[in-house]
Structure formats: structure tokens, C-alpha cells
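Below is one structure, written out as C-alpha cells; comments come after it.
The values are calculated or read from the model by the stated rules, or taken from the named source; none is laboratory data. The shown structure was predicted, so the numbers you read here are calculated from the model rather than taken from an experiment. Reconstructed Cβ throughout: ideal geometry from the backbone, glycine too, with neighbour counts over all protein chains shown. Ligands, DNA and RNA are excluded from the accessible area calculation, which covers all protein heavy atoms including side chains. Shrake-Rupley method; radii C 1.70, N 1.55, O 1.52, S 1.80 Å.
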Amino acid sequence: RGALATGYRAPSIDELYSDYSAFGFTGNPALEPETSITAEIGLDHAYANGAEVSATLFWGEIDNLITLTPDFSTLENVAGASLRQGIELSGRVPLAGGASLYGAATFLEARGADGTPIPRTPTTDIVIGAEVPITGRLTASGNARFVSGLYDAGGYLPSFTVVNAGAEY
């Protein structure tokens, strides 16, 4: 599979004119629309036992990216073309009794027009998890998500892992 697309995103009314000055944030009426071009190519495969794997290479260029200012007081456009490119991998393996294991990983390079990392965009995002049916209507699930390479305020934040558990009825 593959795709090639262009995009256009005008700033929202809230991004332009909001007044949350009590919280230190106001809109920016000078924001310009974002425009983009993106491309991806991928491969999916389903095995006879129900297992699935997927891989996608992607690339995108965004002109006039709308982002928060470093002090979080308003929004601004990043002049020039910002780049996002990387690979996404995922898979799912069925187990006995309707249970399954799954995983996904994204490895991303996101840079502004000046070559600096785009803030709050991780370079690595990996999740592994499981789903287990308990009854016909109740399913338990759990996963662990590892994130690294988050750039903010002029430096990289520490990597972290979040563990989630849930049930669905």
C-alpha cells in the first residue's frame, strides 16, 4: 500500500482569538495556515493462524507548522518546512482462548526548518500489551508504553514507561 497527499489546515478560531489570560494563554490572530505534503509506503501481512504484521515508511513536510511558544503563552508558526519521517512497525499474535499479544513501535525524526527537534514529539514510542477475554462480555487488558527522545525547553526530557491495565464490559 502507499499514499501521497497534500494538506491544508487553517488555524482554528480558538487558536486565533482565545483569551485564557487567567491561565497565561491567549490566541494569536497572526497565525498563518499550515500546508503539507506527505508520502507513505507500507506492507501488511496476515498469517493463517491469525497473526498480523505491518510496516510503514513515512515522510511529511509541513510549511508554517503551528506550535506552542516555548513559554506556552500563545501559538506561533514555524517558518519554513518542518520535516517528519520514520517507520512504524506493529503486530498481533493470537493465543489460546481468544487472548492476544500485540506490539507497535514508531521511530521518528521530526525537525523544524532550522534543523532543531520539534518539541514534544518523541523519537521512539514502543507499546507491548495483551488482551484476555474473561467471560463472553468481559475482557481484561494491559500494556506498557516506552517513550524516549522528547525534546522540550532546549533539551531532551528523560525517557519514561507507562503501564496501563483495564477491563471492558
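Observations
- Any hit, the stretch 100-109, residues being of a type outside the set (A, V, I, L, M), at pLDDT 95 or above, outside any strand (DSSP E or B) and in contact with a Leu (Cβ under 8 Å, 6 or more places away or on another chain): no
- Exactly one residue out of E40, E52, E34, E15 is farther than 30 Å from A105 by Cα, in contact (Cβ under 8 Å) with a residue 24 or more places away in the chain and not hydrophobic (A, V, I, L, M, F, W, C), and it is E15.
- When A81 is tested against the conditions (1) farther than 26 Å from H45 by Cα; (2) among the small types (G, A, S); (3) open to solvent by 60 Å² or more (accessible area, probe 1.4 Å), the lone failure is (3).
- Of everything listed in (1) at pLDDT 95 or above; (2) of a type in the set (G, A, S); (3) more than 24 Å from the chain's Cα centre (by Cα), the single unmet condition for G24 is (1).
- Subset of the stretch 103-140 that is surrounded by fewer than 17 Cβ atoms within 10 Å (Cβ to Cβ) and of a type in the set (S, T, N, Q) - its residue that is farthest from E76 (Cα to Cα): T135
- When A30 is tested against (1) of a type in the set (A, V, I, L, M, F, W, C); (2) over 30 Å from L101 (Cα atoms); (3) out of contact with any helix residue (DSSP H, G or I) (no Cβ under 9 Å at 6 or more places or on another chain), exactly one condition is not met: (3).
- Pairing each residue of the stretch 118-138 that is closer than 28 Å to G149 by Cα with any residue that is open to solvent by 50 Å² or more (accessible area, probe 1.4 Å) and aliphatic (A, V, I, L, M), provided the two are 6+ apart or on different chains, yields C-beta distances under 6 Å for A130/L101.
- Residues of the stretch 32-71 satisfying the condition of being more than 20 Å from A3 (Cα to Cα), open to solvent by 30 Å² or more (accessible area, probe 1.4 Å), out of contact with any Gly (no Cβ under 7 Å at 6 or more places or on another chain) and not polar (S, T, N, Q): E32, P33, A46, Y47, A48, G50, L68, P70, D71
- Residues of the stretch 141-159 that turn out to be under 21 Å from S90 (Cβ atoms) and part of a strand (DSSP E or B), as a count: 8
- Applying the criterion of being of a type outside the set (G, A, S) and more than 21 Å from A81 (Cα to Cα) to the residues of the stretch 1-15, the residue that is least open to solvent (accessible area, probe 1.4 Å) is D14.
- Any hit, the stretch 128-142, residues being modelled with pLDDT of 95 or more and closer than 28 Å to A39 by Cβ: no
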